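A.B. asks: Quick one: the structure is below, and I'll ask about it shortly.
The values are calculated or read from the model by the stated rules, or taken from the named source; none is laboratory data. Because the structure is predicted, anything quoted here is derived from the model rather than measured. Using ideal geometry, Cβ is built from the backbone for each residue, glycine included, and neighbour counts are taken over all protein chains shown. Remember, those area values only see protein heavy atoms, side chains included, never the ligands or the DNA or RNA. Shrake-Rupley method; radii C 1.70, N 1.55, O 1.52, S 1.80 Å.
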Amino acid sequence: MAEMTTGRRERKKARTRQALADAAVRLFTERGFDDVGVREVAEAADVSLSTLFKHFPSKEALVFDLDEDVESALVAAVRDRVPGQPVLHALRDHMVHTRTAVRTDDPTFVLVESTPALRDYARRMWSRHERTLAATLAEATGLDPEDPAVTGLARFALEAPGLARASEDPARTMRDVFALLENGWATTALARQEVRPDRDG
């Protein structure tokens, strides 16, 4: 019985959280982030203001309701990869499957990009993810958490979705970025042209 009660409680919390996030994005998109107060969001979701803040610590957080899930999935992609799979390939596959579906015309994406407060929040959020991912990579590889190999990979892996979203083929672009991370600039066609001997010299 206790498990059933806990299950119902968790489902109710999840529904409330989703209702708040949906209401927030709808209101922010319709009227602008700065012109909507958190009390209005709570009323639109039919909950109290105190309930809103139990689920979201700030107004900005309402737009990023999957923040914790995104970070947990990044960690799981590395920790739960198949035996023998390099961490780089695990991250690449995870990013291709989870971060290439959002396009630049997505309403939430447009909202974030057009709102300075949300862009700043997103940068801080990704910085937190970067530190967590770097620590996870260090754990998986045995390297020091401050080693440029893990801090650099974490940074570039989290920058890749931004590059992919701006392309016509996000999945291919994502794979190309990770190929560059894996093989280095020297293997690219442009790099080979750069080192071509000067015939006029």
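A.B. asks: Looking at Arg123, is it open to solvent by 70 Å² or more (accessible area, probe 1.4 Å), within 15 Å of the chain's Cα centre (by Cα) and modelled with pLDDT of 90 or more?
C.D. replies: Considered against the rule, which asks whether it is open to solvent by 70 Å² or more (accessible area, probe 1.4 Å), within 15 Å of the chain's Cα centre (by Cα) and modelled with pLDDT of 90 or more, Arg123 comes out as no.
A.B. asks: If a residue has to be buried (at least 18 other Cβ atoms within 10 Å of the Cβ) and either in contact with a Ser or Thr (Cβ under 8 Å, 6 or more places away or on another chain) or among the hydrophobic types (A, V, I, L, M, F, W, C) (or both) to count, how many in the range 48-60 make the cut?
C.D. replies: 3
A.B. asks: Of the residues Thr108, Thr100, Thr132, which is touching a residue at least 40 places away in the same chain (Cβ under 8 Å) and in a loop (DSSP other than H, G, I, E, B)?
C.D. replies: From the options Thr108, Thr100, Thr132, the qualifying one is Thr100.
A.B. asks: Another question about this same structure. Filter the range 95-117 down to the residues that are surrounded by 18 or more Cβ atoms within 10 Å (Cβ to Cβ) and within 14 Å of the chain's Cα centre (by Cα) and list them by number.
C.D. replies: Selection gives Met95, Val96, Arg99, Thr100, Val112.
A.B. asks: When both residues are 6+ apart or on different chains and their Cβ atoms are under 7 Å apart, which pairs have a first residue that lies in the range 137-162 and is hydroxyl-bearing (Ser, Thr, Tyr), and a second that is in a helix (DSSP H, G or I)?
C.D. replies: Thr141/Val87; Thr141/Val150; Thr151/Ala134
A.B. asks: If I ask for residues that are touching a residue at least 40 places away in the same chain (Cβ under 8 Å) and either open to solvent by 50 Å² or more (accessible area, probe 1.4 Å) or hydrophobic (A, V, I, L, M, F, W, C) (or both), which ones from the range 61-80 would you list?
C.D. replies: Result: Ala61, Leu62, Val63, Phe64, Val70, Glu71, Leu74, Val75, Val78, Arg79.
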